[in-house]
DNA sequence: AACAGCTATATGCATAAAACATATAAAGGA
DNA sequence: TCCTTTATATGTTTTATGCATATAGCTGTT
């Protein structure tokens, strides 16, 4: 489902309907998942569903952001081969990465307050139990 | 203050430190302010402070987004001259614009849930009263 | 009159991010 | 062999953002 502001119902990532962009949000999410336990990109892609990345994960975004975060020293990786399936690049969090999570948490709380300020004002203007569908 | 994930303390919009980008969020915010009452860009720029746009509002973003929303039929404008000061372009919300607000509200609630999912997981891992500064 | 400062709108440009498509390749099963 | 799944990676195009700058009328001051 597309949760954009236009009230569409088609699958996300089709027909170009971005709300405000939060895809960089994938970074703190992956860091948190890596804090939980080391993983490779493909696995993260699946576990991101826990954090609301449902139905529209771009592998490009996952892998590119992992490489970017490795460049920034937030994660490090090594090839893991020999088992079943193709070789995987196993990522682990660095101490810098763990620090970054705390920084992101502050940032995320701040942004949440902004969203809340919007919704508070919205509900003040359109109060009908907080759901516009009462009529 | 910069609320980015890197823990900086300098003034925002300096040294390039974006968290995830939410500047398009200015659109629903301006629509809501215009629902409250018609206004021109400069006034909106000031009233945006109510919604957490503090200290770092780019006039370019304001005017560009207003024109964009007019293109999209969400607002309409007319020149208002004759009073004191230079001519102003007075924006009013259209019915489509009001509809868009409701769409945005749904979208914003959804994004808030995503942020909350992140923070819940974060606090589950780093529980110390919700504040990392207890040590 | 000259000038600075404020109000007000607008545009240009360089870079960053996002959307989307596609390439590569190993392994497993039919 | 061929298709599917797992797994990683890159390229291209469009859109968004950050930042600087242009324009212009009005106000108050000297």
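Which shape class applies to the range B:23-126: rounded if a/c is under 1.5, otherwise prolate when a/b exceeds b/c and oblate if not, where a ≥ b ≥ c are the square roots of the Cα gyration tensor eigenvalues? Prolate, because a/c is 1.5 or more and a/b exceeds b/c.
Distances between copies of residue B:128, taken at a point 7 Å out from Cα along the Cα→Cβ vector and listed shortest first: 4.7 nm. Here residue B:113 yields copy-to-copy label distances, from shortest upward, of 2.5 nm, the label point defined as 7 Å from Cα along Cα to C-beta.
Between residue A:46 and residue B:72, the simple label model (points 7 Å from Cα in the Cβ direction) yields a spacing of 3.7 nm. Shielding value for A:96-104 is 4, the average number of Cβ atoms from other chains within 10 Å of each residue's Cβ. Shielding value for A:23-30 is 4, the average number of Cβ atoms from other chains within 10 Å of each residue's Cβ.
First measure r as the distance between the Cβ atoms of residue B:120 and residue A:113, then evaluate 1/(1 + (r/R0)^6) with R0 = 22 Å and state the FRET efficiency to the nearest 0.05. Efficiency for this residue pair is about 0.85.
Here the gap between residue B:90 and residue B:102, fully extended at 0.36 nm per residue and compared with their Cα-Cα distance, gives a gain of 2.1 nm. Counting only other chain Cβ atoms within 10 Å of each residue's Cβ, the peptide B:43-52 averages 2. Counting from the shortest, the label point at residue B:67, 7 Å from Cα toward Cβ, is 3.6 nm from the same position in each remaining copy.
All of the numbers you see were taken from the coordinates with simple rules; none came from a lab. Not measured: the values here are computed from a predicted model. We place every Cβ from the backbone using ideal geometry, glycine too, and count neighbours over all the protein chains shown.
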